[in-house]
Structure formats: C-alpha cells, structure tokens
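The values are calculated or read from the model by the stated rules, or taken from the named source; none is laboratory data. As the structure is a prediction and not an experimental result, all values here were calculated from the model. Cβ placement follows ideal geometry from the backbone for every residue including glycine, while neighbour counts extend to all protein chains displayed.
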Amino acid sequence: MNNDVMDNEIEAETGRKIQLCTFRLAGRLFGVDILTVKEINTETNFTEIFHAPKQIVGYVNIRGQVHLVLDLRMLLGFTWKDPDKESRVVIFKQNIGESFGALVDKIGDIIEVSEDQIEAYGAQDDAQAAMEDSWKSRNLVVGVCKLEKDLLVVLNAKSFLGTFGQKQ
Amino acid sequence: MQFDEAIVDEFVAEAKEHMSSIEGDLLSLEKLSGDIDPALVNKVFRAIHTVKGSAGFLGFVKLSDLAHVMETLLSLIRSGEIRPNAEVVDPLLKGVDSINAMLSSINESNKMEIAGLVGRIEKFIIRGADAVVEEQPAPNAAVAPKAPPPTPVSAIARDNALESLLSQARQAGQAPKSPVSVSTLDDGEYQLSEMIMKDVPDSLRYIYLLRYDLTQLASSTGKTPNTLMKELNEAGKILDTNIKFTVEDLREGLPKKPLFCDVVYATSIEMDLMKGVSGLSKDAIVELKTVREHEKTFGDPRDPGYEELSPDRPESEELFIAQEVEQEVKQVTENIEEISITDQSPESPSGVASSEDMEEKIFGVSKSAREVSETIRLNVSVIDKLMTLAGELVLVRNQYVRSVNKADPILRAISQRLDVVTTEIQESIMSTRMQPIGNIFNKFPRVIREMNRQLGKKIEVEIHGADVELDKTILEALADPLTHLVRNSCDHGVETPEERIKKGKTETGHIVLKAYHEGGQINIVIKDDGRGISLDKVRKKAIARKVKTAQELDQMSDKEILHLTTQPGFSTADKITGLSGRGVGLDVVKTSVEELGGVFDIESVEGEGSSMSLRLPLTLAIIPCLIVQLDEYRYAIPQVNVEELVCLYDEDVDTKIEIAGDREVYRLRNNLLSMVRLGKLLDDGLRKVRSGSHGHGTTPGTGDSASRGKSVNFGVLKAGANRFGLIIDKIIGTEEIVVKPMHPAVKDLSFYAGATVMGDGKVAMILDVQGIARKAGISTEGKVVEQRLESAAEEMETHTALLFEYGPEEQYALALSLIKRIEKIKMADVEKLGGDRFITIDGISTQLITLSRLLNVSTCQEGEEMFLLLPKHVGRPVGILIDKLLDIEDVPSQLNDESYMEDGLLGTAIIRERLTLFPDVFRLVDKSENKWLLEERLRREAMAKGSDLPRVLVVVEDPYMKILVRRYLHSDGYEVGMAGSGEDALKRIGEENFDAVVCDMAGLGKSALDFIFALRGGGRHSGIPAVALVSVERMEAEKKAALEAGYSAAEIKLEKDQFLLTMAELLNRAMSRTSAQGDDNE
C-alpha cells in the first residue's frame, strides 16, 4: 500500500483510539470512521440517474442489491473525474444510511489515531477556503489530523446523505 | 408481572382477531333483533369469554373486567332475556372499541378508565337480571351462569369470573347433571361429559392423570406446555387439563415456582410404558378408572387421596375421579388450551380434535356452530424475507436462462424447469401477502351506522367482491382513502330522509362498495345514490379560489371540472362537519392512489349520485416490463402502461410526426397522440454521456440520431386516462423484473418508479409513466391539442400542393391542381437544341424548364433519372425538371410575397419549417420560350384580340418571295395578307382593310405598274402607302418607274432592314394622317 500513508501512522497516544478508513479525493487525504464502513468495492459500472442532483453518480449493483453511489468529489466541491481502475466505492453501514456508498479516487490505508489528535477544523488553504467553509457549514467535517506527511481531513459519513436536502 | 413478551404479544394478536370478528357479528345481531341466531350469539360470547380469560390470566384486569360485563350481557341476550336492539348493542360496540384500544397499548390497559362504560352495560344486566330464570341446559347451548347479586362488578369481578366459569363447568354437558359444589371441585374431581367420553376411542383404554411440573419441564427439557400437549396428543388424547396453583401465585409470576399441571390423558399405552412416554416419575402418574371400575376396586392404593364419590351423582354418568388438586383456576386451563388450539390446529388433527373437545366440555357448544380455519399466524417480516428471496431467485433465474447454452438439450430442459418452478414460487409467495379487501370493506357497516346516527340519515351499504384480494401493503394504504370516500358519500352525498322523499327517492340512501378484477388491475368503486356533485358549485369555487378562469372553465369538459375537486383545499361543502368538508380529502385520496401506481376517477350525475373509482395494480414487487434502450442505458416500462408499439420507417420518420403548437404529435388512427422524446426528457443539463459513445459530451439521445436514421420507434404509453407516445432508440424486449424501490435520497424524482438489476448485472431504471406524463405536460386534455390543430388548419385556407426539390437548397411547392402528371425521365434521353433541352414524351417534344436558369436558385446536380412535372393549362409542351419528390401537403393559399419575391414566383410560405418557393408556372413557361416562339405567340395573340397591328397586303407571285416578304413583315409586327397578282390585290384591297401594300415589281414587272395606276386611279384606298420591291440589277430604272407610277417608295427586294424602315415611315405618315392618335407600330 502507499508508503506515505504508512509513514503517517502515529504512535498511540492518550485518548480513545479510533481507526479511520482513508482515501484520496483530488489529491487530498480524507478519512471516515471505519466503524461506519461496511465494505469497499471495486465496481464502477454505474447507471446514471438523470435529473438527480449532481452529487449522485447513480446506482450500482452489488451482489444483487441496488446501491446509491454519491460522488464525494462533487459533494465536497471538487470537479468531476471519470472513474478509473483505482476508483473505489466505499459502502456504508445501514445505520449511516440505507444502501449507499461514496465514490473515491483512490483508497488509502486504515490508520489508527487517537481521538485527541483530531483537531477542530479551520480553513487550511486559502485557495480553497470557500469550499472548505462550505464543508463546515454542511457539517461534513469532523476535524483534521496532522499526520507525518499529510493532513487528513476526517469526514462525517452520517452527513453525506443529508447534504442535498433529501431525507435519509 | 414478568410475563414473557411473546406470550403477551400472542394474546394481543389473538384477542384482536376475536374482536374484529365480533364487531360484524354484533351488527348482524342488531339487524336480526327479533330472531336471534343462537349460533351467532354463541360465537360472540365465546370470543369475549376467551379474551376475558386470557386477559385475566395475564393480569390485564380492566380488560378482563370489561369483557366480563360484556359477556354477562351477552349471556342475557343468548337466553332471550334481552333483545339485542340498537340500544343494547351500542354499549357492546363501545365495549369492543375500548377493548381494542386497550389491546393497542396493552401494557397501559390497566390504567384505562372503564367505569362509565361498565356501568352502562350493567344497567342492562340489572334490568335483565330481574327476569332471570333457572336455565335448562340445552345440548347445544352453553348455559349462562346465574347472575350473582348485583354488586359493583369491578369489586367482585374476578370472583365472578371464577364463579361463572366454575358454574359453567358444572353445567357443561348433558341435561341430567346436578350441580356440583365448589368444594367438590376443590378436591379436584374431573367431570368429563358423556360426550367427551364417548369420543374416546376404545383403543385408548387407559386413562391417566399425569402431573407435570411445567417449570421444571421447561428448565430441564426446555419444553413448553404447548410442546408437551403436542407430544401427548401424538400418543393419545388429552381429555382435560388443570393447573394447580393459587391466584396469588399468578401475580408473582410464572416461572419461579413449580407450576403443576394435571393432565387427564387417554392412551393405549400401558402404565409401565407411560413413564417413558411422559417422562414423569411414577408418582406423577395416576391411572384413573371409571366410576364403575372404581366402585369395583374401591380403595385402590394407587389413588392416595381420592374422595368418595358424591352419592348424588347418577350412576349412568361416568365420572373420573382424580387425585386432589388445589383450587382450580379454570381460566388458566382454558388459556393454555386456547394457546394450544391455535398452535396446534395446522399440525395435528388429533390435537385439534381434543382441544375442540375441551372447548366443548367447557362451553357445551357443538362443533357446527364453530368455524374451523386452517391457518398459521406468521410474522410479516418472515413473508417479507421470502418475498425478497423470491425476487433474488427471479434475478438469478433470469441470468441463468440468459447465459445457458440453449444448444445443449439437457441444460435447456433444466433451465425451462427452473423457469417454471421459479415463476410458481414467485406467484405463490406473492399470494401470501394477498388479503381480501373484505378486511377493509367490513369496517364500513359500522362506520355508516355511526354516521347514520350522527347525521340523522338512513344509509344502507352493499358490499360486492369482498373476496377480491390485494397485496397487504396496498390494502393498508387504501384503508384511509376508502374511509374518507365513504364518509364523504354519507356526509355530502346522500341526503336526509326528508330531502330524499321530497325528491321522490327512497327514504334510505344506498352506498355500494364494489371490488373487481379487470385487465390486470383491481377496480374499487364507491357509489352512492345521493345528490351528486354540482358542476356549478365546482365552477364557482374554482373561480373563487382562482384555480381556473371562467374562460378556462368553458373549455373544460364536465369530467375535467369534476376532477377539479381533487385539487388541494377544494371542497364544495358549504359546511364543514366534523367528518369531512375540510377540503383535505379528495386530493389526499388521489395522491395516495397515485402513489400506489393507481388512478382515481370521479363520475357524478347531479341529483342522482356520485361514483368514485380507484384502479390499482395487483402487485408491487415483480412486474412484467418492456425493456428499451437509450444510449448505453436500459429502461424498464411497466407493461401495464404499454398499450402498443409503433415503428416508423423511412420518409414517415420525418413526415408523420406533425407539430401542433409547441409539441410534436402523431396521428394514430384518428387520435392525436402527444409525442415525447425520452432523450429530451431525461436531459437534465448536468450529465454528460461519460461512456464516450457520443464523443463530444453531447447530452444523451436528443433524438437527432434517431430520426436521421431510417426508423423511429415509439411506444404508446398510458397512465390512467392519459395516452402519449414515447420515442426511444431501441426496443430490447420484455422481461419480468424485480422492483427495487427508489433510494430515499432520490425518491422524489417523478420519472422513476424504481430500479432493477438486469440479467447482465447492470442496474436499469424503471420509468414512472404517470410521472413522465405529468412532467411532459400531457393531460387528458388531448382534445385541446386536437382542437388547436384543427382550428389552425381552419384559419388558413389551404390547398393541396406537391412539395419537391430541385437544387440542394430550396424547397418548392406546386398546387396539385396545376399538375397534369409527373413523369420519370432518363437524362440520357434529353436532347439539346439551341440552348434548350427537349425530351420526347408521348411522341411530343417537350421542352425542359430548368429552374436554375429562370430563377435565382441553386443548380441541381442532375442524376441519371429525374422527374418531369407536366403542368396543366400551358399553351405548349413543357415540363419542369425536378430532382426529388418530397410529399403532398396542405399548404396555405395565402402566400407571402414580401419576404422574398422574384419574377417567376407566386410567393413563398413556411412549410415544414422550411422556406418554400411557389413557382409561377405560366410565367416560367413564357420565360423559357425562344424568340421566334415568342413572336408567333404575340402575333397570334394579337390576331385573337383584334387588328391592333397594321395590315399589309403583299402582292407577290414568286413563292420564295412570298415567304420572305411575309417573314420580314411579321418580324416587325405586321399582319400580312397575300395576293398573287395585281388583280387579286386590287380586289382584296377593296374588300379588306389594309394599311399598306407591298408589291414585288421585280417579279411582276409591268403588272405592278398597272396595279399602282389602278390603285392610284381612285377609290378609297388610293392614298394607301405602297412600296415596290425592285431588283438589284435594274434598281435605278425600276425605282424611277415605280415612283413615277405612284408608288410611295421603292426598295431593293432583299434588303430587309431598309425595307422595314421605309414601311415604318410610310405607315407612320399614314397613321398620323389617318388618325389623330396614331398607333405605334413598333
């Protein structure tokens, strides 16, 4: 797996430890609590749903079950990128939302951090400040975590489905 | 009280079932009033009784108390002491309601206040009790317990319950029985009625009393009482059971203390083996003997504590005496039996029999009065799971059938078998969820009864098709809408009895509830014979609420106006009653029906009544669909919405789809069909075709590709009453698909009814035809489109014209009335003559008119074969060269000659979105004449018109000269008359009018001179200008002679121009001399 992510694993510190499933979107590193993740699938054969909000990629069939796939790039404000062989769909558990997953560019490692390593979120990059502010306002971000070589933005999976005003 | 939740749930479920059947029965009782059907009363009684018992056992005190008073009242009814009229039945119904309420929140039931209701019921009891007579137990009737002195029921409820039960137990069975005192029962004697005894087959010789410790049983072997019963029944017959423990014990909870249960059991198994069979120790098994036997073997050591037989007992009776038991709580026994009855019924017939016998023993009711139903109660989640699995099976079946190698006969046979079995499984499972609509319908008599009371009306309800089955979820979703519709009918539809009589109707109004299958759908109709919906009121309300303008209303049909009532907030009720009229009803009904994929319709005749109908699909989960393709995605259209498929080929593709206003339409067998392009519909401006099949990110299938090709497919879809055509790329086929509902995040999208997984694993969207119709603006007002089209046609006068093309740019049109015919010609046959082209048609040389030569239009790349349009009414054989025939079309008569005009055009018009040129055929024909033809024509025309042209007499003998001179003169616009000699000439001049004379002196010689002498000699025409034509050789001499003789001029005979000049001069002079105006001869 990625060496840089490996390097980022941090020694356990005080505080409750949580494991994060990390992935890359538009080059940046994001992660969600692993307990929210049901599985990670390589399927990219999506069926578009016309007239659905643009954050929805469409439907995908996983073992006979129809899952809704969100475009996490669009959700966060990045531009569309065609899925390639590194793309993955992160499927979340039922309690996070019914039968849905998120499309990510590249999957990263599972890293373990301790809770107090996650700091409150503040705009990191001026260029993307507006976008990042909207993350905060939509409750998408739990916090950031400074890793050795990267900055990991921890996302709040529960908020994904709520972001375009649909009931869960 | 720590009762197992499962037991409580079971109780609640059962009790609810009992209650639901009671309601209908009470209403029937009320109706029958005078003729009580004892079976019916018993049924109700038993139901209440059972509920009471179980409730008491589980500690639901209030429930039990209420049930008890109801039961008491019912017994009075049964005995005939009280008549079940409305007054009496009412509190019973209220009691049912209360019990239902208690069952809904069973754990709070003890907090409910029932004293008022109880008191009401008691009043009847007390009244009735005064007339109580000692009852003769009849074989088929369970005898009512004698009413205890009227003390407040609640205080002695439990005791009464016990009392009644015990006394029943006493009296159950045959007539000649004397009551046994309670004390005797304390001792645990078992009285089994003769009937029961008779039923015991002789093969079951031994009768034992088995004492089980249920608690121990459960803890050591894990067996529940039910299992125990079951087991025992397999090897013999349980005749009676009895639980020994005090009431106090119950309150403290079941499982902690040993719970002893005595079972009277008949079997053929011998004592020694009984231990093994029953799992009990020797002490717990007691063999019972009949009385007679007992008498014989008095003092059997195996019966440690039995009592002497009561001497009162008649000997004919066979009684069984068992060991002592503590105070029996018969209720508990019944409860266990009740539970075991329901659990056992489908499993072991013998179990049913014995349980039924138990019931009989207690109630003494014969089997005939009871309903036996072979049912299993299942948790709905189990069925849901089965449904899902069936769906998955269908998918796998689809995949398998698709990929199996059909060539292999074995595999094919297997796949066919798999197909058949899967379909059957799917259908069977689907049917498990089907419930009769009667479940809803049967609630309505009560509803109507209430409303009758409240509104002071008389309404009867008629139910048809209560057996029609619907999927459970649909049924549940329908309950509210249907209730609302029925309320509406009662409240606003049916008039009061007085009104009805005034109107000449029957006093009692009728509401008919009808359900039936039709065309793969379920139809439900609620019809009343009330006052109907007033269209005027609707109109007024519509205007008042600014829903529609008066003009719009005028355009609407009656049906459409009726449908206005389904708008939110719409109600033509003048008063809002508590029941309806708030205007939140019909639109909710419509929405609910539509959400289920159905259609809601209203029909009404003012003064006569209204009819509301609902049409719903049968099932939800697996539906047959038409699979279509657009770009790379597939879509499923439920077959129930597909009426027919149409394919247009070639030219039809562009011509048959017309435009009306802003949308495309197609004329399907005289009906106008609005057309919708799926591609355009789905185009949301957001999504690009990412698969790359269109390369440059064009939005999906806008339909251009479809119509440029050679064929267009569309399906005629219908959604309720709306029909429209949906244009698609490609039709794949039909398939049965499993409907997966839309994900909550996208379920508001009206185009989709769900999604499905296709055989190849890809997800396909299921189109919601109703939603598409709505989004595309298709309404039932297709008529308006039709009208618009017609009126549009009427506005412009049209005539039929042929549309054709010559050059690549333009489109032409020519009225059919101007066309003689059209010939196909080979360009190879065309001959060129003097710059013009000719072709022989029917033996006649026909000149080709080339449009690009005469008009400012593009030239045509002429092919080998072209068309020749032969026009009518033209003077000479011509044909207009045409490249392509497009179509025949109605074109406006009024042409536009302002936008573009040219010599040779009549005008232009926009036809099929193209600027179309209308050639002026006559003008073109004229323009294509060569000069000679033109002159000839003009001359002839002049001759036809009259002698506007100067007439010249030519006196020539020489034939060649004749032609020459004539030609000369003609070319200058003279009329020519010929004379062969001087004498002829003279004659002719005298007879006809000539303006000038030309004489060939060179040829005539002397006679020319004679002629002129004669001419000049006198007469009218003596001054007529005359020209002599002289020869070149003797020019001077002849000229001199001519002039001297009297000729006005002399010219060399072959000098055309000079000659004509002279002629003109002469004639002008003559003209100016003869008439003041003087024609212009040129």
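Within the stretch A:85-97, take every residue that is of a type outside the set (Gly, Ala, Ser) and surrounded by 15 or more Cβ atoms within 10 Å (Cβ to Cβ) and give me the one that is farthest from A:Phe23 (Cα to Cα). Break it down stepwise before answering.
Taking the stretch A:85-97 and keeping what is of a type outside the set (Gly, Ala, Ser), we get A:85-86, A:88-96.
Filter once more, so that each one left must be surrounded by 15 or more Cβ atoms within 10 Å (Cβ to Cβ): A:88-92, A:96.
Details: A:Arg88: 9, A:Val89: 10, A:Val90: 9, A:Ile91: 13, A:Phe92: 14, A:Ile96: 18 Å.
Per the stated criteria, the residue is A:Ile96.
The residue that is surrounded by the fewest Cβ atoms within 10 Å (Cβ to Cβ), counting only those in the stretch B:444-465 that are hydrophobic (A, V, I, L, M, F, W, C) and in a strand (DSSP E or B), is B:Ile463.
Take B:Leu726 and tell me if it is aliphatic (A, V, I, L, M), within 19 Å of B:Val599 (Cβ to Cβ) and within 14 Å of another protein chain (Cβ to nearest Cβ).
Working: aliphatic (A, V, I, L, M): yes; within 19 Å of B:Val599 (Cβ to Cβ): yes; within 14 Å of another protein chain (Cβ to nearest Cβ): no.
So B:Leu726 fails the test.
When residues in the stretch A:59-73 are screened for being within 23 Å of A:Leu29 (Cβ to Cβ), surrounded by fewer than 21 Cβ atoms within 10 Å (Cβ to Cβ) and either touching a His at 6+ places or on another chain (Cβ under 6 Å) or within 12 Å of another protein chain (Cβ to nearest Cβ) (or both), 0 of them pass. When B:Glu87, B:Glu108, B:Glu17 are checked against the criterion of being without any contact (Cβ under 8 Å) to a residue 60 or more places away in the chain and over 26 Å from B:Leu378 (Cα atoms), B:Glu87 stands alone in meeting it.
Could you please let me know if B:Lys31 is modelled with pLDDT of 85 or more, among the charged types (D, E, K, R) and within 45 Å of the chain's Cα centre (by Cα)?
Working: modelled with pLDDT of 85 or more: no; among the charged types (D, E, K, R): yes; within 45 Å of the chain's Cα centre (by Cα): yes.
Criteria not met by B:Lys31.
The residue that is modelled with the highest pLDDT, counting only those in the stretch B:725-737 that are farther than 24 Å from B:Arg669 by Cβ and among the aliphatic types (A, V, I, L, M), is B:Ile732. Applying a threshold of 7 Å to beta carbon distances and a minimum spacing of six or more residues, or different chains, the list of pairs starting in the stretch A:46-58 at a residue that is farther than 19 Å from A:Lys85 by Cα and more than 7 Å from chain B (Cβ to nearest Cβ) and ending at one that is modelled with pLDDT under 90 and surrounded by 22 or more Cβ atoms within 10 Å (Cβ to Cβ) reads A:Gln55/A:Leu75. In this structure, A:Asp82 qualifies as surrounded by fewer than 20 Cβ atoms within 10 Å (Cβ to Cβ) and either within 12 Å of another protein chain (Cβ to nearest Cβ) or under 15 Å from A:Asp105 (Cα atoms) (or both).
Scanning the stretch B:800-809 turns up no residue that is at pLDDT below 80, surrounded by fewer than 23 Cβ atoms within 10 Å (Cβ to Cβ) and either more than 14 Å from chain A (Cβ to nearest Cβ) or within 30 Å of B:Ser852 (Cβ to Cβ) (or both). Can you tell me which residue is nearest to the other protein chains (Cβ to nearest Cβ) among those in the stretch B:738-760 that are more than 24 Å from the chain's Cα centre (by Cα) and modelled with pLDDT under 80? Among residues in the stretch B:738-760 that are more than 24 Å from the chain's Cα centre (by Cα) and modelled with pLDDT under 80, the one nearest to the other protein chains (Cβ to nearest Cβ) is B:Pro744.
Scanning the stretch B:854-889 for residues that are modelled with pLDDT under 85 and either touching a strand residue (DSSP E or B) at 6+ places or on another chain (Cβ under 7 Å) or crowded, with 17+ Cβ neighbours inside 10 Å (or both) yields B:Lys872, B:Val874. Of all residues assigned to the stretch B:703-722, none qualifies as being modelled with pLDDT of 75 or more, crowded, with 23+ Cβ neighbours inside 10 Å, within 12 Å of chain A (Cβ to nearest Cβ) and under 30 Å from B:His563 (Cα atoms).
Does B:Asp554 satisfy the criteria of being modelled with pLDDT of 70 or more and either farther than 17 Å from B:Leu485 by Cβ or of a type in the set (Val, Ile, Thr) (or both)?
yes
Note on the stretch B:646-662: residues that are loosely packed, with under 14 Cβ neighbours inside 10 Å and under 18 Å from B:Ile732 (Cβ atoms) amount to 1.
Checking the stretch B:761-771 against the condition returns a match, with at least one residue being modelled with pLDDT under 85, in contact with a Gly (Cβ under 8 Å, 6 or more places away or on another chain) and either crowded, with 17+ Cβ neighbours inside 10 Å or part of a helix (DSSP H, G or I) (or both).
May I ask you to list the residues in the stretch B:379-409 that are among the aliphatic types (A, V, I, L, M), within 14 Å of chain A (Cβ to nearest Cβ) and surrounded by fewer than 17 Cβ atoms within 10 Å (Cβ to Cβ)? The answer is B:Leu389, B:Val396. Among the residues of the stretch B:510-524, is any assigned to a loop (DSSP other than H, G, I, E, B), β-branched (Val, Ile, Thr) and at pLDDT 85 or above? Checked the stretch B:510-524: no residue is assigned to a loop (DSSP other than H, G, I, E, B), β-branched (Val, Ile, Thr) and at pLDDT 85 or above. For the stretch A:135-164, the set of residues classified as in a helix (DSSP H, G or I) and surrounded by fewer than 16 Cβ atoms within 10 Å (Cβ to Cβ) consists of A:Lys136, A:Ser137, listed by residue number.
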